[in-house]
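Attaching a single structure in structure tokens format; questions to follow.
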Amino acid sequence: MAVMSRQTKKRMTKLAYHLLVFGLGFLMIYPVLWMVSGAFKTNYEILNESLKLVPNSFSLDNFRRGWQGFGRLTFAHFFRNSFVITTAATAGITLSSAMVAYAFSRLRFPGRQFFFISMMATLMLPAQVVMIPQYIIFRNLGFINTYVPLILPAWFSRAFFVFMIMQFIRGLPKELDEAAIIDGCSFYSVFYRITMPLIKPALITTIIINFYWVWDDFMGPLIYLSRPARFPVSLAIKLFADSTSTTDFGAMFAMSTLSLLPVFLIFLFFNRYLIEGISTSGLKG
Amino acid sequence: MPSLTGLARSKNGARPAKPYRKLRQQNNFAGYVFIFPWLFGFLAVTIIPMLLSLYLSFTRYDILSPARWVGLQNFENIFLYDYLFTQSLKVTFRYAFISVPLRLAFALFLAILLVQPRRGVGLYRTLFYVPSVFGGSIAVAVMWRQLFGTNGALNSLLMSLGLMETNFGWLTSPQTALWTLIILAVWQFGSPMLIFLAGLKQIPASLYEAAMIDGASGWQSFTRITIPMLTPIIFFNFVVQIISGFMMFTQALVITNGGPFNRTLLYILYVFRKGFTDYSMGYASALAWILLLVVGVITAVVFKTSSYWVFYEAREGE
């Protein structure tokens with residue numbers, strides 16, 4: 001009897017646990033599901049039967065209307081713009097951050113410590129503080145309405161990623177580098193042939209996190225781009241939300257959902273790397 | 001920090017023997033080649049802009065005509081006459097110091113739930129992280145505006161439960177508008193949750209076992225073991241999140257755009273307006289520098305008080 005009751009008690013705790021966690025999880029995920037369902041609802045349903053998650057009929061009408069975009073600019077155009085910016089910026093930040101991380105963790109040169117501390121100090125410096133002078137500089141160089149202000153700074157590496165990759169390089173055996181150097185390898189080929197292949201997980205984490213940041217970036221495009229033909233998806237959706245007095249909510253939800261699709265797919269396939277990156281970069285060191 | 005001591009140790013080593021000297025010179029040269037991207041960027045997009053911004057804060061500058069030196073006039077206007085400056089600072093303090101503790105408490109609560117070795121925990125972790133993945137995106141901000149809008153799901157829910165008779169404007173009411181932004185911030189608890197999870201896993205099980213043998217209750221183990229052992233991580237999360245709380249911009253712009261009656265006029269939003277709507281670049285630069293100092297002081301205060309509440313394990317002599 002006693003054994004039985006203990007077992008039932010255990011089962012009850014288990015049930016309570018799953019109910020609690022699942023209930024909370026549903027509450028957390030509800031807004032996202034709500035937006036996705038809004039992409040299929042009619043505008044009447046959105047305004048009058050807001051709460052429900054399953055639309056009366058799954059119509060792709062919202063997507064068709066939304067995809068048309070504004071004037072002659074369809075969302076195909078905005079998505080292409082977003083992909084161009086994101087790819088160029090991510091390639092730059094990954095390569096440059098790996099280079100800088102390699103220098104700080106494996107090479108000896110005068111001023112290294114000073115540079116390292118300077119870099120860690122910029123980690124605490126929010127980008128928003130320099131947005132105005134950066135804008136003035138890029139404006140004077142004639143880069144308004146181009147992607148240069150959005151892409152070029154990425155090629156200068158980023159402290160957050162440098163630090164994360166450094167943590168990773170520190171875990172690699174130094175003997176590999178030394179053996180290669182003794183065999184006559186230059187530092188450049190050590191970096192290219194030994195370090196780069198070994199830090200692949202850290203590089204993938206960098207790519208994913210940075211993809212998110214650039215894909216979602218709103219302030220940069222908002223400041224530097226004013227011609228709609230240059231807009232990435234984020235600005236286009238804002239334009240949608242503001243455009244007319246009577247917003248087409250269904251189309252807006254449809255395009256919002258589409259804009260999150262690349263983010264979601266990457267999360268689905270690579271979430272291990274993302275989660276590792278966040279938990280290690282925050283802790284070690 | 002082991003990283004810093006590691007660097008210090010390697011500095012000023014004994015002068016290497018001859019065959020190695022060439023290697024060291026190569027090392028120096030390669031070092032500068034490899035950090036060049038950072039060094040160039042550090043000067044071009046950080047140091048020079050900051051100096052420029054400092055200079056501009058003493059000028060009147062509308063981009064079209066050359067900057068005119070006005071001395072301390074911007075600062076005088078800000079501190080003495082600018083109602084919106086005090087308002088935005090107040091709003092930002094409220095936002096950061098309400099949303100960050102709530103978010104961290106929620107993140108810790110879920111991390112404790114999800115650290116238990118139960119079936120499906122991995123799936124739950126992914127589920128709870130989804131809101132944060134979408135976090136900063138404009139799509140979420142637009143969705144949030146609808147969720148709390150007059151025809152949104154919240155009103156729909158409250159009315160169907162019979163708690164409310166008519167639609168309520170959560171975004172347009174001065175009492176609730178800021179709370180919609182705070183709830184959005186709390187909803188994105190994913191990264192602190194992951195960091196807490198990693199921290200919880202590092203607490204040795206032997207501590208809990210010892211406490212259990214001594215007859216400690218679950219709550220006692222939580223307050224006497226879990227919390228003290230986590231304080232370094234709580235501290236880290238708190239500093240990072242407060243700074244990012246002060247920099248909140250996108251969602252505020254899209255969801256409430258500062259209104260109603262400037263009740264959600266977060267500081268960066270105000271800087272942005274001064275700079276890019278009024279084209280008062282000098283004034284906006286002064287505002288940005290004040291924010292930098294405010295955030296610096298807050299960080300310093302948090303660091304200073306940390307010795308009273310952050311618990312570090314005794315480390316072996318380094």
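Considering only residues that are surrounded by fewer than 20 Cβ atoms within 10 Å (Cβ to Cβ) and not in a helix (DSSP H, G or I), which ones fall in region A:185-210?
Those that are surrounded by fewer than 20 Cβ atoms within 10 Å (Cβ to Cβ) and not in a helix (DSSP H, G or I): A:185, A:186.
Another question, then. Restricting to region B:194-221, name every residue that is free of Cβ contacts under 8 Å to residues at least 40 places away in the same chain and of a type in the set (A, V, I, L, M, F, W, C).
Hits for region B:194-221 are B:198, B:203, B:205, B:207, B:210, B:211, B:212, B:213, B:216, B:219.
Look through region A:1-44, keep the residues that are loosely packed, with under 12 Cβ neighbours inside 10 Å and of a type in the set (Val, Ile, Thr), and return whichever of them is nearest to the other protein chains (Cβ to nearest Cβ).
Only one residue fits best here, namely A:13.
Considering A:151, A:182, which residue is out of contact with any strand residue (DSSP E or B) (no Cβ under 8 Å at 6 or more places or on another chain), buried (at least 17 other Cβ atoms within 10 Å of the Cβ) and among the aliphatic types (A, V, I, L, M)?
A:151
Condition (residue is at pLDDT 85 or above, hydrophobic (A, V, I, L, M, F, W, C), surrounded by 15 or more Cβ atoms within 10 Å (Cβ to Cβ) and closer than 26 Å to residue A:49 by Cα) applied to region B:112-119: is it met by at least one residue?
Among the residues of region B:112-119, not one is at pLDDT 85 or above, hydrophobic (A, V, I, L, M, F, W, C), surrounded by 15 or more Cβ atoms within 10 Å (Cβ to Cβ) and closer than 26 Å to residue A:49 by Cα, which makes the answer no.
Within region A:250-259, how many residues turn out to be surrounded by fewer than 23 Cβ atoms within 10 Å (Cβ to Cβ) and at the interface with chain B (Cβ under 10 Å from one of its Cβ atoms)?
Summing the residues that are surrounded by fewer than 23 Cβ atoms within 10 Å (Cβ to Cβ) and at the interface with chain B (Cβ under 10 Å from one of its Cβ atoms) in region A:250-259 gives 2.
Wholly within region B:180-237, which helices (runs of 4 or more DSSP H) include no fewer than the required count, namely at least 3 residues that are aliphatic (A, V, I, L, M) and within 27 Å of residue B:100 (Cβ to Cβ)?
Because the criterion is at least 3 residues that are aliphatic (A, V, I, L, M) and within 27 Å of residue B:100 (Cβ to Cβ), the helices (runs of 4 or more DSSP H) in region B:180-237 that meet it are B:190-202.
Show the residue pairs that are 6+ apart or on different chains and have beta-carbon atoms under 7 Å apart, the first residue being within region B:122-134 and free of Cβ contacts under 8 Å to residues at least 12 places away in the same chain and within 7 Å of chain A (Cβ to nearest Cβ), the second being assigned to a helix (DSSP H, G or I) and not hydrophobic (A, V, I, L, M, F, W, C).
Close Cβ pairs satisfying both conditions: B:124/A:25; B:126/A:271; B:127/A:25.
Need a quick list: helices (runs of 4 or more DSSP H) entirely within region A:67-184 having at least 1 residues that are within 19 Å of the chain's Cα centre (by Cα), among the aromatic types (Phe, Trp, Tyr) and more than 7 Å from chain B (Cβ to nearest Cβ).
A:75-106, A:159-170
Name every residue in region A:37-66 that is among the acidic types (Asp, Glu) and either in the same structural domain as residue A:255 (by TED's automatic domain parsing) or assigned to a helix (DSSP H, G or I) (or both), in order of residue number.
Listed by number, the residues that qualify are A:45, A:61.
Quick one: would you say residue B:145 is of a type outside the set (A, V, I, L, M), facing chain A (nearest Cβ under 9 Å) and either crowded, with 20+ Cβ neighbours inside 10 Å or assigned to a helix (DSSP H, G or I) (or both)?
Considered against the rule, which asks whether it is of a type outside the set (A, V, I, L, M), facing chain A (nearest Cβ under 9 Å) and either crowded, with 20+ Cβ neighbours inside 10 Å or assigned to a helix (DSSP H, G or I) (or both), residue B:145 comes out as yes.
Residues of region A:218-238 being at pLDDT 90 or above, under 19 Å from residue A:262 (Cα atoms) and surrounded by fewer than 23 Cβ atoms within 10 Å (Cβ to Cβ), which ones?
Matches in region A:218-238: A:218, A:235.
The values are calculated or read from the model by the stated rules, or taken from the named source; none is laboratory data. Keep in mind that what you see is a predicted model, and the values were worked out from it rather than measured. Neighbour counts run over all protein chains shown; Cβ positions are idealised from the backbone, glycine included.
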